[in-house]
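Encoded as structure tokens, the structure appears first; notes follow it.
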Amino acid sequence: MGKKISKSNIYAVIATVILFFAFTLPMVAFYNVPNKIKSGKIEDIPAFVYPLWNLYETGRYLSPYTPKGAERDLKKMIELNGEVGMMSTPVWFVSLEAPNYPQAAFPDGIPVYFHLDGYSGDVHEMNTINHFIGMYPMEAGAQLERKISPFLMLLVSVMMVVFIIYKGKLSPLLMAVPALIPAGFLAVYSGWLYWYGHNLQEWGMFKVKPFMPTALGDGKVAQFTTHSYPTIGFYLLLIVAVLSILAILSRIKENKEQNK
């Protein structure tokens, strides 16, 4: 009979698969593609990106501003100047309700999805609304974090694979980083929300005092109602974190038993 797979490796393999397919693969594959679209360098986009983006868009939010006939089709979205969102699994959901957005057309208000490497949803419309209170556009924040996040996720995935292969005394440290990703995201997300709310500009039509935007829950800004909640990506990161902790604890126990 073959050698029995350890519990630590079982936890680590499941965590690695989730992280790779939900985040690492789409983030690396889609790296710099939005900039290529913006600069008109469409010919530089690898052919595999198109079907992959279409696949990851399955079941996701479809904006009423999406050009007809371009739904979940990256090639047509580019041709018809549609708003192309990130490919990776969204982590956080923010929506904004206002009297000028009828609920029949916008049942969830104006939604924006935060990804580890960017945004999706009605980003342009959200920026327009934020402009009214003098808030910077979304793209102004977390530029460094968004730029390096695909490489960080690739590094984390490699570390997890090394954990599966290498069973030495220091191997549990390799799973510490994926265990901390949800907390790290919340810290960065909250920090940038504070920056946005405390760096309002004079161009705003509505004068609002510096404030801390709602990070979790419902809030009110001027005449707008805001909603901010985790979405599927954050729950997947939590699952990865729990599995990583279980892998760490199991590996420590396995190493102790082996050294007896």
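The values are calculated or read from the model by the stated rules, or taken from the named source; none is laboratory data. Bear in mind that the values here come from a model prediction, so they are computed numbers and not experimental data. With ideal geometry, Cβ positions are generated from the backbone for all residues, glycine too; neighbour counts draw on all protein chains shown. These accessible areas exclude ligands, DNA and RNA; they are computed on the full protein's heavy atoms, side chains included. Shrake-Rupley method; radii C 1.70, N 1.55, O 1.52, S 1.80 Å.
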Within the accessible area of the chain (1.4 Å probe), percent carbon and sulfur: 66 percent
- request: Return the sequence-ordered ³J(HN,Hα) values of the range 220-232 in whole Hz as given by the Karplus equation 6.51 cos²θ - 1.76 cosθ + 1.60 applied to θ = phi - 60°, using x for Gly and Pro.
  value: 9, 10, 6, 9, 9, 9, 10, 10, 9, 9, x, 10, 3
query: What percent do you get for the relative contact order of the chain when only Cα pairs under 8 Å and 6+ apart count?
result: 26 percent
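Determine the shape class of the range 12-105: with a ≥ b ≥ c the square roots of the Cα gyration tensor eigenvalues, call it rounded for a/c under 1.5, and otherwise prolate if a/b is greater than b/c, oblate otherwise. Can you show the working numbers first?
Values: a/c = 2.18, a/b = 1.21, b/c = 1.80.
The shape class here is oblate.
Hey, got the dipole for the chain? About the Cα centre, +1 on K and R Cβ, -1 on D and E Cβ, debye to the nearest 20? List each step's numbers first, then the result.
Working: 22 positive and 18 negative charges, 266 e Å.
The dipole of the chain has a size of about 1280 debye.
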Other-chain or far-sequence residues with amide H under 5 Å of residue 119's (modelled H): 86
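When only C-alpha pairs under 8 Å and at least 6 residues apart count, what is the relative contact order of the range 57-192, in percent? All intermediate terms of the calculation are to be shown ahead of the outcome.
On the way: 128 pairs, mean separation 20.5, N = 136.
Computed over the range 57-192, the figure is 15 percent.
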message: Test of understanding: in a Gaussian network model of the chain with alpha carbons linked when under 10 Å, which of 69, 219, 184 would top the mean-square fluctuation ranking?
response: 69
- request: Considering the options 80, 5, 95, tell which one lies farthest towards the positive end of the dipole of the chain, charges being +1 on Lys and Arg and -1 on Asp and Glu at the Cβ, about the Cα centre.
  value: 5
- request: Tabulate in residue order the Karplus-calculated ³J(HN,Hα) for the range 159-165, using 6.51 cos²θ - 1.76 cosθ + 1.60 with θ = phi - 60°, rounded to whole Hz; enter x for Gly and Pro.
  value: 4, 5, 5, 4, 4, 5, 7
Where labels lie 7 Å past Cα in the beta-carbon direction, separation of residue 242 and residue 199 in nm: 3.6 nm
message: Could you work out the relative contact order of the range 101-174? I mean the mean sequence separation of Cα pairs under 8 Å and 6+ apart, divided by the number of residues, in percent.
response: 19 percent
message: How charged is the neighbourhood of residue 7? Take every other residue with its Cβ under 9 Å from the Cβ of residue 7, and add Lys/Arg as +1 and Asp/Glu as -1.
response: +1
- request: Taking 7 Å along the Cα-to-C-beta vector as the label spot, tell me the residue 158-residue 186 distance in nanometres, rounded to one decimal.
  value: 3.0 nm
- prompt: Mind ordering 121-129, 43-51 by average Cβ neighbours within 10 Å, highest first?
  reply: 121-129, 43-51
field: Quarter of the Cα convex hull surface for the chain, i.e. its orientation-mean projected area (nm²)
entry: 17.1 nm²
query: Given the pairs 41/220; 36/167; 76/147; 36/207, which are separated by over 31 angstrom at their Cα positions?
result: 41/220; 36/167; 36/207
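Quick one: accessible area per residue over the chain, 1.4 Å probe, rounded to a whole number of Å²? Can you show the working numbers first?
Values: 14190 Å² over 260 residues.
So the chain comes to 55 Å² accessible per residue, rounded to a whole number.
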- line: Over the chain, the sum of -39500 (n - 2.57) across DSSP H runs of at least four, divided by residue number and rounded to 500 deg cm²/dmol, gives at 222 nm -14500 deg cm²/dmol
- prompt: Between the helical axis of 7-19 and the dominant principal axis of the chain, each derived from Cα atoms, what acute angle in degrees is found, rounded to the nearest 10?
  reply: 20 degrees
Global geometry of the range 184-223, whether rounded, prolate or oblate, following the gyration tensor of its Cα atoms and the 1.5 cut on a/c: oblate
